[in-house]
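In what follows, a single structure is set out as structure tokens and then discussed.
The values are calculated or read from the model by the stated rules, or taken from the named source; none is laboratory data. Everything quoted here is computed from the prediction, not taken from an experiment. A quick note on method: Cβ atoms are made from the backbone with ideal geometry, for glycine too, and the neighbour counts reach across all protein chains shown.
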Amino acid sequence: MKKVVALAAVVLALSAGPAMAQGKVEVSGLFGWTVSDGVTGSPIKAPDGNTYSAVDVKDGMNWGLMFGIMASDNFEFGFMFNQQMSALRLEGTTNRELGDMAINGYHGYFAVNFGDPESKVRPYFLGGIGATSYGSVNYTNAAGSPASTGGDTQFSTTWGVGVKIYPSPRLGFRAGIRWTPTYIKSDPGGWWCDPYWGCYLVANAQYSNQFEFSGGVTVRF
């Protein structure tokens, strides 16, 4: 993942030179709140006597950075990083919060900005592709001993809408909503049969979803 982030940074840096000369680079700092969910699985009886059937991700505050390059008056591409302060929780016959967990998102994105480039208000739509990284969690196991879960990184896409407001040519504000579905696993979904291809087992994919509500400051160079 570090190599992917470094490569994206190099590509953007090489592309930014001509764009900066034309005043078409935007850097944004974002803060907000993320509503998240986890995934379900087969019930497992734990040593504490409870049965758990889901792993949930708590809602929490988020912050992030965006670096965008205006390829034209309306089309923008760039890279975004965001972090949600969350916690990992087991759900079943009882709910048990294991511990704090950071969720990091790394996405390259393409955005369409609507309206005239000199407008004070510009709605936008964006879509991106990248990865979501779930940090390790330190907790106390059923025997009372300290333990830790391993972190995990999975493929994800991200989709958002929002608006940019520019009270001055260089300084602006933005607010938006973004949905990031992250693939976690696939469960057997049954058999599917076709007269030509025959029968085969199909799977139901499960995703952990993040719904981000955020806003912040945008600086144009």
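Cβ-Cβ contacts under 8 Å between residues 6 or more apart (or on different chains), taken from a first residue in segment 144-162 that is within 26 Å of Arg178 (Cβ to Cβ) and at pLDDT below 95 to a second residue that is acidic (Asp, Glu) and not in a strand (DSSP E or B), are absent.
In the set (1) in contact with a helix residue (DSSP H, G or I) (Cβ under 9 Å, 6 or more places away or on another chain); (2) on the phi > 0 side of the Ramachandran plot; (3) of a type outside the set (S, T, N, Q), the condition left unmet by Met70 is number (2). Inside segment 20-54, residues that are crowded, with 19+ Cβ neighbours inside 10 Å and of a type in the set (A, V, I, L, M, F, W, C) make up a count of 2. Checked against (1) free of Cβ contacts under 8 Å to residues at least 60 places away in the same chain; (2) surrounded by 12 or more Cβ atoms within 10 Å (Cβ to Cβ); (3) farther than 30 Å from Pro47 by Cβ, Glu118 meets all criteria but (2). If the condition is being closer than 14 Å to Val57 by Cβ and either crowded, with 22+ Cβ neighbours inside 10 Å or modelled with pLDDT of 95 or more (or both), then segment 71-87 contributes Gln83, Gln84, Met85, Ser86. Against the definition (in a strand (DSSP E or B) and over 24 Å from the mean Cα position of the chain (by Cα)), how does Pro43 come out, yes or no? Taking the combined requirement at face value, the residue satisfies it. For Thr180, the conditions (1) part of a strand (DSSP E or B); (2) free of Cβ contacts under 8 Å to residues at least 24 places away in the same chain are fulfilled apart from (2).
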